[in-house]
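Taken together, the values in this text are just the output of simple stated rules run on the coordinates, not laboratory data. As the structure is a computational prediction, the values presented were derived from the model and not from experiment. Quick reminder, even Gly has a Cβ in these numbers, built from the backbone with ideal geometry, and neighbours come from all protein chains shown.
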Amino acid sequence: MKVLPVDGESTRVTLDSLEILNHEYKILSHEGYLYIPITEDGTPPSNMDVVYMDLLPNKNRLLPSDLLPFKITYERLGDIILLDEPDAHQATAATIALLASDIQFKTILNKASEIQGDTRVRKWSLLSGNSTETVHKEYGFEFLVDISKVYFSPRLVTERQRVTGQVCSGERVFDMFSGIGPFTVPIASKGATVTATDINDDAIEYLRKNISRNSVETNVTAHIGDVRNIADDYSHWADRIIMNLPHSANDFLDVAFNIAGKKCILHYYSISELDDPFTADISVLQNVSQEHEVTILNETIIRSYSPSQVHICIDALLTR
């Protein structure tokens, strides 16, 4: 993958989370670009630039896979390693291997629960280190995050970039379930006016820190609480709405349609069945309101969620 240095770390994290980063070769810097190796059978996101060139073997870098008889699943969040290892003995072995490897990090956490409650926070087991707070970098933006207090997924980096790329300066954007701001911040940086809400007060606290960290304070208004409580204040306001609450976004569609302006683009996220990922959700969108015409603009499968389900986004134009 050919990328600018400013996008190097976020691209490496994305490729690693997609399990197509090739650890056998070194990342090469040449004539102002970074070249990040991927596996031969890897399918990178469509917005990434694939080139073919000779790379140097990474023979001197000790990896966890060199020390373990089994494959471990993990992703990076800033300087934190996030494991997904339900077997306690294998989690311990993975921790020892990571500590002995050449991978740089400060903390190792292992998933200890599924996402829970309205705040979408999961429990983590601390296996190494002493902090669950880190700074995650993504396409030139910095996000302070405490993974024990808020929901955040580095795996959605490509989707966030896809949506941000559609935004124009001067738009009014409503981020209905903003979290710490991974949609809000880059969208605000493009000159849009963003209203962001989240029911998790810790998430809004980190959002406000990230607004300041990325110098977009004048473009963002942040609200703590259920989006239903402020929806009437923004009736017919938005040019674009982001509904990144895939398990229950459909419960808030009446709110979104109220917030939508005369013409509004809706980014609606859902967990759907692999064999027919879009039909049911499109039907729901088209039957929410008799006042709106719903035009489907785009259907995106973001990632696999389970053997039979996928995480999707439907982009729709709402016309009043």
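Counting only DSSP beta bridges whose two residues both lie in the range 171-247, roughly 0 percent are antiparallel.
For the range 107-192, the fraction of C-alpha pairs farther apart than 22 angstrom is 34 percent.
Using 0.36 nm per residue and subtracting the Cα-Cα separation, the extra length available between residue 61 and residue 291 on full extension is 76.8 nm. If both residues of a DSSP beta bridge must be in the chain, then about 70% of such bridges are antiparallel. Over 18 Å apart: what share of the alpha carbon pairs of the range 77-150 falls there, rounded to a whole percent? When every Cα pair of the range 77-150 is considered, 43 percent fall beyond 18 Å.
When the Cα atoms of the chain are enclosed in a convex hull and the volume is divided per residue, what value in Å³ results?
Details: hull volume 44.3 nm³, N = 320.
It is 139 Å³ per residue.
Remark: spin-label model distance residue 88-residue 320 equals 5.7 nm, labels positioned 7 Å along the Cα→Cβ axis. Based on alpha-carbon atoms, the Kirkwood radius and the radius of gyration of the range 245-320 give Rg/Rh equal to 0.97.
The spacing between the range 62-83 and the range 210-227, judged by their C-alpha centroids, is 34 Å.
So how much slack lies between residue 50 and residue 217, counting 0.36 nm per residue of separation and subtracting their Cα-Cα distance, in nm? List each step's numbers first, then the result.
Working: separation 167, 0.36 × 167 = 60.12 nm, distance 3.58 nm.
Between residue 50 and residue 217, full extension yields 56.5 nm more.
In terms of overall dimensions, the range 196-317 has a Cα radius of gyration and Dmax of 15.5, 44 angstrom. Estimated from helical segments only, the mean residue ellipticity of the chain at 222 nm is -6000 deg cm²/dmol, where each DSSP H run of four or more residues counts as -39500 (n - 2.57).
Straight-line cross-link partners of residue 262 among the lysines, defined as a Cα under 28 Å from its Cα and at least 8 positions apart when in the same chain: 190.
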